[in-house]
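The values are calculated or read from the model by the stated rules, or taken from the named source; none is laboratory data. These numbers were taken from a predicted model, which means no experiment stands behind them. Positions of Cβ are generated from backbone atoms using ideal geometry, with glycine treated the same way; all protein chains shown enter the neighbour counts.
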Amino acid sequence: MTQMLNRRSFLKLSSTAAAAAGMSSVPGLLGALEPEQKALVGSAKFTASVCEMCSTRCPIEARVENKEGVFIRGNPKSKGTGGRVCARGGSGFNQLYDPQRIVKPLMRVGERGEGKWKEVSWDEAYTFIAQKLGEIKEKYGAHTVAFSAKGGWETDYLCNFAGGYGSPNTFDHGTTCPLAYGVALETVFGTSGVSRDFGKCKYMINLGHNVYEGIVISYARAISEAVEAGCKLISLDPRYSVLSSKATEWHPVRPGSDVAFILALINVLITENLYDKKFVEKYCEGFDELKASVVTYTPEWAEKECDISAKDIKRIAHEYAKAAPAAMIDYGHRVTYTPEEIELRRAIVIANVLIGNIEKPGGYYFNKGASMYNKLAGEKVAPVFKKFKVPEFKKSEFKRIDGIDLPDSEFGYISKKRGIYQKILDAAVDGVPYQLKGWVMTRSNPVMTITNTDKVVEALKKLEFVAVMDIYMSDTAWFADIVLPESTYLERDEEFIAGGGKNPTYQVRQKVVEPIGDTKPYWMVFKELATKMGFGEYFPYKDMDDIRMAQAADFPELMFELKKNGLASAGVPLLLRDKKSVADFVAKYPAAQALVTEEGYIDAPFFELKTPSKKIQLFDAKLEKTAGRGSISFRPVKLKEDDELFFIQGKTALHTNGHTGNILWLNNAMPTNAVWIHTETANKLGIKNGDKIELANKYGKQIGEALLTVGIRKDTVFAYFGFGHISKGLKRAYGKGVNSGTLLPHFTSPVVGMNLHTSGVKVRKA
């Protein structure tokens, strides 16, 4: 983003757009402040930080220019992003001084959803929340309040608050987006900390993980580099996505049938002895059970299920095995296409294991955080951060509403921080397993992100108390009793973050400008509110400097580097089954030589996995006991009626789910989501390009605009996710486009707890 739009012109442009919308205004917005209250106070020098326009959190730098605007660019020291920033990241300053941004606490004064509010002070807001939560706790019990976060760093603070209050019911966005592959990795490896070496891959199979639209800069750059270097890319997707356009082959797979393709591929790998026998025998358990489970899943069988020819399935399986170990099937990051998401993701992971691509260039590898890396090196190479200590939470006598903490639960692989988000609706609306009375959330917008929008709204209206912390009057905030204004990511400091890819890495978010208006960072809000309610001991810090010192006081050099550069790394990249990588590691850390095998590998971690056998699991005894799913299998599903078309969704590079629809630049670039429909299908229905069309099913009805294309299956329609906002406080985005959630069922998939993002719709000219 090289274009500069200063604050004055931005405010003028945005105010004009808001006036044109002709909607009732919400008090407590940035646009209502006096000019001196909107001043940008920050440095003209670049401050290293971390983006928050999506969940990827790319490294960035930002500075104030002439006290009139904020310029954002990618951190040039970031190897993964190459110093790049995407359209969403470059528009982050839009949030900062948007006239529609909430900068004062707001309290509802009308009926829920009526849009009547009054400004209150933070003390008034805290007193109100404390009173309401106190009343619910005394009358019904703390367990009747659910707590949810968007995800990421805020989740820890939200969970501490919930624990101090006494509720076991904490949730994040996992079951609405990424959780399925995380659970699949857990069942196979005992950890979800597994990454993909896209850049070195020679043969890649992709099943709808469109990194160019649901953009992850580091992934997109690595895949592009691999393709340019000759990697063969196979795309299975019902529509011709941007990734499909870069692929060697595009196969328009039937929605929800991907699992049949993968099972047939595994069948070929095993029956034709294409798998890595040595690797499987040494590092895996459960091969006999796997072999027995896929014996009937032939390419000929799969052809009838997924619409990919048996000939192509066999050919792809052979090509994939021949390219091993620099080959992979991407485990993905898309919303759920099939109720059998656990079978699909496990099958994908196992298909990778079978070719022995683990810890090899171009394959999968374990994320190497500081503790693991130091153990392998035999010395303290990488700093290990500490968390601030909090008292032990009083254990609730009530179980969670989603049942993940029940003995032998089929959902036992799901973290208590993540939970099954949509189960909040069952408890709020239907009282199952018990009646919820309150809901507290931070930067979470379930009206847009949980399926069956009508039931989400019903839940919000039925609850006795709803509190939301956000930047905008989101679709969910519109139904709240109290809305707290959070500082944007450009206005807040956060704790040091430790991660790991091939070696340990570190990041830090730093504020670029002082908070505008009367906003506060989430870590301060939770501390102040907990103190108000009498359990401040769970937030034993004064400010962010206290938190950082508790983390890294023993590592002053690292703290200095992070504050200066925004990121850091330790050691050298390590792939445990790559001889050159191991040799380089041992050269730097000689104590590691004791771990090196005759083959030149370090295989100790393979026998220390957090699985019952300490090995890679091709059969899961735990899942067999809890869900009858020890082996992977195919279970037929019905996603639509015979007279309906498949309705699928996906991400766009210009928006992040329901988060960015109201951002000025992004809204101008993409204000709505046209509905993709095949030209022949449209012609049969009398639909022309640009026509208004109705999408309807038993869950709801939406009006959209037809986009005729041959780049989609004839039995399928597609719309980008995150449009059709229902909050009138989002003046730019309100009512524009198709709201996918309205057309999707309230559903929880087995084991992984995912939403379902595929349904059937009838389509006609509106």
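Some points to look at:
- Selected residue [closer than 17 Å to Phe366 by Cβ and free of Cβ contacts under 8 Å to residues at least 24 places away in the same chain] from Val572, Val582: Val582
- Exactly one residue out of Ala292, Ala310, Ala377 is at pLDDT 95 or above and either buried (at least 18 other Cβ atoms within 10 Å of the Cβ) or under 25 Å from the mean Cα position of the chain (by Cα) (or both), and it is Ala377.
- Trp122 touching a strand residue (DSSP E or B) at 6+ places or on another chain (Cβ under 9 Å), in contact (Cβ under 8 Å) with a residue 40 or more places away in the chain and surrounded by fewer than 22 Cβ atoms within 10 Å (Cβ to Cβ): yes
- Tyr421 meets the conditions (1) of a type in the set (Ser, Thr, Tyr); (2) within 21 Å of the chain's Cα centre (by Cα); (3) in a helix (DSSP H, G or I) in every case but one. The failed one is (3).
- Where strands (runs of 3 or more DSSP E) sit wholly within the range 444-518, those with at least 3 residues that are in contact (Cβ under 8 Å) with a residue 24 or more places away in the chain and of a type in the set (Gly, Ala, Ser) occupy 497-500.
- Any hit, the range 345-357, residues being surrounded by fewer than 20 Cβ atoms within 10 Å (Cβ to Cβ) and modelled with pLDDT of 95 or more: no
- Unmet requirement for Leu179, which otherwise passes all of (1) within 30 Å of Asp402 (Cα to Cα); (2) crowded, with 23+ Cβ neighbours inside 10 Å; (3) of a type in the set (A, V, I, L, M); (4) touching a strand residue (DSSP E or B) at 6+ places or on another chain (Cβ under 6 Å): (4)
- Residue list for the range 657-675, restricted to those being out of contact with any Gly (no Cβ under 7 Å at 6 or more places or on another chain) and buried (at least 22 other Cβ atoms within 10 Å of the Cβ): His659, Thr660, Asn662, Ile663, Leu666
- Residue in the range 435-455 that is farthest from the chain's Cα centre (by Cα), counting only those that are closer than 14 Å to Leu484 by Cα and aliphatic (A, V, I, L, M): Val440
- Of the residues making up the range 238-269, those that are assigned to a loop (DSSP other than H, G, I, E, B), closer than 21 Å to Thr298 by Cα and either of a type in the set (S, T, N, Q) or free of Cβ contacts under 8 Å to residues at least 60 places away in the same chain (or both) are Val253, Ser257.
- For the range 29-56, a residue qualifies if it is within 21 Å of Lys118 (Cβ to Cβ) and either assigned to a helix (DSSP H, G or I) or free of Cβ contacts under 8 Å to residues at least 24 places away in the same chain (or both), and the qualifying residues are Leu30, Gly31, Ala32, Glu34, Gln37.
- Top-ranked residue in the range 703-742 [being surrounded by fewer than 24 Cβ atoms within 10 Å (Cβ to Cβ) and of a type in the set (S, T, N, Q); ranked as farthest from the chain's Cα centre (by Cα)]: Thr709
- Residue selected from the range 400-418 under the condition basic (Lys, Arg) and under 20 Å from the mean Cα position of the chain (by Cα), by the criterion surrounded by the fewest Cβ atoms within 10 Å (Cβ to Cβ): Lys416
- Residue in the range 365-381 that is out of contact with any Pro (no Cβ under 7 Å at 6 or more places or on another chain) and among the hydroxyl-bearing types (Ser, Thr, Tyr) present: yes
- Number of positions in the range 63-78 that are closer than 19 Å to Ala568 by Cβ and crowded, with 20+ Cβ neighbours inside 10 Å: 3
- Residues being exposed (fewer than 14 other Cβ atoms within 10 Å of the Cβ) and among the small types (Gly, Ala, Ser) - total across the range 614-637: 1
- From Pro383, Pro391, residue being in contact with an Asp or Glu (Cβ under 9 Å, 6 or more places away or on another chain) and either acidic (Asp, Glu) or buried (at least 17 other Cβ atoms within 10 Å of the Cβ) (or both): Pro383
- With respect to being surrounded by fewer than 23 Cβ atoms within 10 Å (Cβ to Cβ), out of contact with any helix residue (DSSP H, G or I) (no Cβ under 7 Å at 6 or more places or on another chain) and not in a helix (DSSP H, G or I), Ser195 fits the description.
- Condition check for Lys640 on (1) of a type in the set (D, E, K, R); (2) closer than 21 Å to Gly208 by Cβ; (3) surrounded by 22 or more Cβ atoms within 10 Å (Cβ to Cβ): one failure, at (3).
- Scanning the range 377-426 for residues being β-branched (Val, Ile, Thr) and either over 20 Å from Leu158 (Cβ atoms) or without any contact (Cβ under 8 Å) to a residue 60 or more places away in the chain (or both) gives a total of 2.
- Out of Leu623, Leu654, Leu695, sole residue that is farther than 21 Å from Thr742 by Cα and in the same structural domain as His746 (by TED's automatic domain parsing): Leu654
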